[in-house]
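Note sheet for the following structure.
The values are calculated or read from the model by the stated rules, or taken from the named source; none is laboratory data. All values reported here derive from a predicted model rather than from experimental measurement. Cβ coordinates were reconstructed from backbone atoms using ideal geometry, including for glycine residues, and neighbour counts include every protein chain displayed. Surface areas here come from the heavy atoms of the whole protein model, side chains and all, with no ligands, DNA or RNA. Shrake-Rupley method; radii C 1.70, N 1.55, O 1.52, S 1.80 Å.
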Amino acid sequence: MSGTITKVSGPLVLAEGLADANVSDVVRVGRERLIGEILNMTGDTASIQVYEETTGLGPGAEVFSTGMPMSVELGPGMLENIYDGIQRPLPEMRAISGDCITRGTDVAALSREKKWAFTPVAKPGDQLSGGDVIGTVQETSAILHKIMVPPRLKGEIISVIGEGEYTVDEVVCTLRDDSGKEHQLTMSQRWPVRIARPYSKKFVPRRPMNSGQRIIDTLFPISKGGTAAVPGPFGSGKTVVQHQLAKWSDVDIVVYIGCGERGNEMTDVLNEFPELKDPRNGEPLMKRTVLIANTSDMPVAAREASIYTGITIAEYFRDMGYDVAVLADSTSRWAEALREMSGRLEEMPGEEGYPAYLASRLAQFYERAGVVECLGSDDRRGSVTAIGAVSPPGGDISEPVSQATMRIVKVFWALDSSLAYARHFPAINWLTSYSLYLDSLGPWYTEQFGERYMKNRERAMHILQEESELQEIVRLVGQDSLSPADRLTMETAKMIREDFLMQNAFMDEDAYSSYNKQFKLLGLVISYDELCREALSRGADMNALFAITAREKIARAKIIADDLVNEEFEKIEKEMKQQIDEAVSGGELI
Amino acid sequence: MIKEYKTIRQVANPLMVVDQVEGVTYNELGEIRLTNGEVRRCKVLEVEGNRAVVQLFESAQGINLAESKVRFLGRPQELGVSGDMLGRVFNGMGEPIDGGPAILAEAYMDINGLPMNPAARAYPDEFIQTGVSAIDGLNTLVRGQKLPIFSGSGLPHAALAAQIARQARVLQDDEKFAVVFAAIGITFEESEYFIEDFRRTGAIDRTVVFSNLANDPAVERIATPRMALTAAEYLAFEMDMQVLVILTDITNYAEALREVSAAKKEVPGRRGYPGYLYTDLATMYERAGRRQGKRGSITMIPILTMPEDDKTHPIPDLTGYITEGQIILSRDLHRKGIVPPIDVLPSLSRLKDKGIGEGKTREDHSGTMNQLFAGYSRGKDAKELMTILGEAALSDDDKLFAKFAEEFEKVYVGQGNTNNRSIEETLTIGWDLLSILPKRELKRIKMEHIEKYLPEK
């Protein structure tokens, strides 16, 4: 099927003579065979969004349809790799076309030469259906890649290849379906990116995703299979929060989508992740990571596709029974790409020029997250957690992308520029952020760490809330007008903020905080508050209580190594109690 | 064979419609020959059937629909580049205007450049000493970074940019260094200020100037920064030079872009700027950086004036989302006579963390930096409280913080335009200031560094 270009306007190309093509088909455009996708059809004229720079294209050039929708290739070789928005591996592209991305580069997503050690699981005669495991490949030292029957296929296994090393193109299994047709299966399969991969059943998420970030895990937790948004003005540390989550989350696989952001940020991940070790198994973090990079200088249409490419890869790993986190930085750039294409298609704009379907597209993306029972007969469960950064213009979240996102996501980590200016990082505002998973996760926390965990959290939130009210008063009439109890609230709130919530992503000892450390650290601060409150009621001098030296130790407690936490924290607690007691007796003497 | 068309159907500056064209392609460069022999340039924005919409780079004055001829050159806009460009002055379209001979090009490069493969980038982490404490100590610049200066009308951004260009150096290093300066719609005086400064310090011999002044055609401004970056890419990645690119003023650039967008009748985004302003700016800013296996680098300092000093205006806002930080100038500090008036709290260098510390600057750099920020932030709050409630309302600690903030502005930030401080000096001044504060408040610094560096009172 081929047609002819009639119009070129930036990334939008119109071509006629494509009556046989389907909407959403991938097409190749012009002599350089640029990759594009059909957006609309009018008669035999197709509107095509081209994923590469269209300089040099003009009317008369040829367009032909591949007859296939925009798909990704799924199989061993994706981990540790970095792809552009339409799943072309960037290191291979570099080998072909040099340091810059040239047009029409055609590279397979998975290496055709690399051989993978395949271990069969299924046997001839087995009745398998979509999602059942045929065999396994140890893709990286951290991840066992399960080769599955593609969804929607079922039948009897005729033959399975023996244990050995094969490329992704070699047939590893032959399957005969009910109609008697034989299917030759390789280690790779294709899936259209705009369609969610099927599963058996979806569940309400009830397990937290441990991120090692104190403000997230303790105050605003997210569950595995949940959705979250990180909105914030520039410079408030969105990307650092995203990187921290990518590094320390206790998931099996991380898919990091750099969508319309800085090239150097992707380079940073590429440099850093192979060096960093997963705190749970000691493996380099890169071994569990897939990167999708469509930086801001790369063609805008591919930016729109990158989000779908990323989440489809995530769903594929979910189908193996893994917990996957998808981090998209930033969904605002994706929405802008949508807006640009919509403008070129001369669609009627909705709010701020964004197309009217912005909210539904965003909802579709986030809805692909969740905890599911995967296809296949072994009842395995997997999850996709979706976390999107939002970059609202001027930091004002009344704009359409933020608002549409907030309607969908369950966790909202609002970044605040005033905290960032004071170098309080992560600059997540504790008053405006929220997590709707608290109720469903509460039982898990209580089961693991006792009642105290949620109580401490509640107490801390209460103190922070009170602080903001007291600050109003202080601003009007000064600190001296506060009662000693209120002064204590202010002091405790300061400790919660500085000694607990603040966490330095660039300090090795502090970047990751285990649950135990988080729990004990907040416990120290809360028990300081309780002891002092009691001491005040017994007539202790407020200033003496505030001046105890154990507080300095609490301030530095967050950098205590994990294996020393129990012992050291106990010492601090003991010292603190003693000093508060002394302050009480000192008070009585006066 | 190149065809010439006499079929101009419409001219509405800066756009022009040419009919009955054949084989014209998107983004192709064109030439318009006027009846008096003058040649002007344009590029194709849209082509539909045999009708091409082109954008003029120069004024439309004198174009005659019946007589003027258009031909399309079959290639995008290119710049002939060569090492001989150093020391020369070009106009906004890349033609020499210093009276010297034309450049014998070693290569012709598409001025739009190509996106850099993220897998080919080398992460910028080499400390550049600018000699300005507020930058070196707190918002450290590294080689290959893009760090804009957000200024306001009437603020001395030119003096700061010139100071950086003059003093910037990499510690223990003898690399080849070059400056590419693009004047985008600024006044003759401001442009001359830079050129004079380059001349005075002898830097002019290793400087390439692209000059589009306020009275030059506005649409030409869209090409000017791209010309400069193309020259910079050649110097950095073909000639292994360390290139500092100064682009001033991005606000004028964005306005030119808005003009063209309005003429094309596109759906406007915020404040009338086109919806693709982010992408457009990104294709310039992202050209800064380093590449693996190449010695050269492009460090970029774009300057922009924030309309009404408003950081949320689309131009600074979108710039801030692309660049790796920003240096913000403050009108308050300027009024107080602090030179340079850098507002350190909202300023930021995103790449600083990998460019400082042991082996790069000094082990205590990171801790003291965070402590200075936190102290200054608290001190400013205390000072604010003091103006409302009087000094008596402050706690003893807050009084010390207020004093710290005052001294910090005067001594640390207000170093003057000619003072070139080494990083050691900057760190020492930092420690002197921190000694004003109670030791127990220095929570952000490692204990061992406090013991080693904090001066005895």
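Accessible area buried by the pairing of B and A, both sides summed with a 1.4 Å probe, works out to roughly 6200 Å². Run the quick spin-label model on B:Arg33 and A:Lys574: label points 7 Å from Cα toward the beta carbon, then report their separation in nm to one decimal. With each label placed 7 Å out from Cα toward Cβ, I get 9.6 nm.
Quick check: the angle from helix B:188-200's long axis to the longest principal axis of chain B, C-alpha only, nearest 10 degrees? Helix B:188-200 sits roughly 70 degrees off the main axis of chain B.
Per residue of B:106-115, other chain Cβ atoms within 10 Å of the residue Cβ number 3 on average. Taking amide hydrogens as placed 1.01 Å from N in the peptide plane, the amide H of A:Val63 sits under 5 Å from those of A:Gly3, A:Thr4, A:Ile5, A:Gly30, each at least 5 positions away in sequence or on another chain.
On average over all directions, what projected area in square nanometres does the range A:448-521 have, based on the convex hull of its Cα atoms? List each step's numbers first, then the result.
Values: hull surface 24.0 nm².
The number I arrive at for the range A:448-521 is 6.0 nm².
I need the shape label for the range B:151-211. Rule: rounded when a/c is under 1.5, else prolate if a/b > b/c, else oblate, with a, b, c from the alpha carbon gyration tensor. Spell out each step's value before the answer.
On the way: a/c = 2.26, a/b = 1.58, b/c = 1.43.
Verdict is prolate for the range B:151-211.
Can you order the peptides B:422-429, A:559-566, A:286-293 by their average number of other Cβ atoms within 10 Å per residue, highest first? Please report the intermediate quantities before stating the final value.
On the way: B:422-429: 17.1, A:559-566: 13.4, A:286-293: 24.6.
Final packing ranking: A:286-293, B:422-429, A:559-566.
Taken one residue at a time, the phi angles of the range A:56-70 give Karplus couplings (6.51, -1.76, 1.60, θ = phi - 60°) of x, 8, x, x, x, 6, 8, 10, 9, 8, 8, x, 10, x, 4 Hz. Gly and Pro are set to x. List the lysines whose Cα sits under 24 Å from the Cα of B:Lys69, skipping any in the same chain fewer than 8 residues away. Within the straight-line limit of under 24 Å, B:Lys69 reaches these lysines: A:Lys7, B:Lys3, B:Lys6, B:Lys43, B:Lys264. Under 5 Å from the amide H of A:Thr295 lie the amide H atoms of A:Gly260, each residue being 5 or more positions distant or on a separate chain, with H modelled from the backbone and absent for Pro and chain starts.
Using the structure shown, list the pairs from B:Lys336/B:Lys383; A:Lys455/A:Lys577; A:Lys202/A:Lys238; A:Lys558/B:Lys403; A:Lys494/B:Lys380 with a Cα-Cα distance above 19 Å, or answer none.
Details: B:Lys336/B:Lys383 15 Å; A:Lys455/A:Lys577 21 Å; A:Lys202/A:Lys238 30 Å; A:Lys558/B:Lys403 30 Å; A:Lys494/B:Lys380 17 Å.
From the list (B:Lys336/B:Lys383; A:Lys455/A:Lys577; A:Lys202/A:Lys238; A:Lys558/B:Lys403; A:Lys494/B:Lys380), the Cα-Cα distance tops 19 Å for A:Lys455/A:Lys577; A:Lys202/A:Lys238; A:Lys558/B:Lys403.
Spatial offset of the range B:118-154 relative to the range B:267-311 amounts to 14 Å, using the alpha carbon center of each.
Sort chain A into rounded, prolate or oblate with this rule: let a ≥ b ≥ c be the square roots of the eigenvalues of the Cα gyration tensor; rounded if a/c is under 1.5, and if a/c is not under 1.5, prolate when a/b is larger than b/c, oblate otherwise. Prolate shape, in that a/c is at least 1.5 and a/b is the bigger ratio.
Taking only the C-alpha atoms of the range B:321-408, Rg followed by Dmax gives 15.4, 47 Å.
The residues neighbouring A:Ala369, those whose beta-carbon lies less than 13 Å from its own, together hold a net charge of +3 under the Lys/Arg +1, Asp/Glu -1 convention. Against chain B, whose longest principal axis comes from its Cα atoms, helix B:224-237 is set at around 70 degrees. The local environment of B:Gly152, defined by Cβ-Cβ distances under 13 Å, has a net charge of -3 under the rule Lys, Arg +1 and Asp, Glu -1.
Taking the range A:19-87 on its own, what percent of its Cα-Cα pair distances exceed 21 Å? Intermediate results must be reported in sequence, preceding the final value.
Details: 744 of 2346 pairs.
Considering the range A:19-87, 32 percent of its Cα-Cα pairs are separated by more than 21 Å.
Anisotropy class assigned to the protein assembly as shown is oblate, per the alpha carbon gyration tensor with a/c at or over the 1.5 cut-off and a/b no larger than b/c. Dividing the radius of gyration of the alpha carbons in the range A:1-115 by their Kirkwood radius gives 1.01 for Rg/Rh. Expressed as a whole percent, the accessible surface of the range A:453-518 that belongs to carbon and sulfur atoms is 50, based on a 1.4 Å probe. Here r is the Cβ-Cβ distance between A:Lys202 and A:Met41 and R0 is 30 Å; the resulting FRET efficiency, rounded to 0.05, is 0.35. Set the Cα radius of gyration of the range B:224-306 against 2.2 N^0.38 Å, with N its number of residues, and you get 1.26. Looking only at the range A:198-242, which residues have a backbone nitrogen under 20 Å from a spot 7 Å from the Cα of A:Gln403 in the C-beta direction? A:229-233, by backbone N distance to the label point.
Residues A:Cys100, A:Cys374, sorted by accessible area with the largest first, give A:Cys100, A:Cys374 [1.4 Å probe; ligands and nucleic acids excluded]. The label-point distance for A:Thr102 and B:Asn64, in a model that sets each label 7 Å from Cα toward Cβ, rounds to 4.5 nm. The residues of the protein assembly as shown expose, per residue, 36 Å² of accessible area to a 1.4 Å probe. Taking GluC sites (Glu not before Pro) across the range B:32-140, the ones in a DSSP loop with at most 16 further Cβ atoms lying within 10 angstrom of their Cβ are B:Glu38, B:Glu67, B:Glu106. Treating the Cα atoms of the range A:325-445 as identical point scatterers in vacuum, please give the log10 of the normalised Debye intensity I(q)/I(0) at q = 0.09, 0.11 Å⁻¹, two decimals. Computed log10 I(q)/I(0) values: -0.34, -0.49. Taken one residue at a time, the phi angles of the range B:300-314 give Karplus couplings (6.51, -1.76, 1.60, θ = phi - 60°) of 10, 10, x, 10, 9, 9, 7, x, 6, 6, 9, 6, 8, 4, x Hz. Gly and Pro are set to x.
Extending 7 Å from Cα along the Cβ direction at A:Arg475 and again at B:Arg9 yields two label points whose distance is 6.0 nm.
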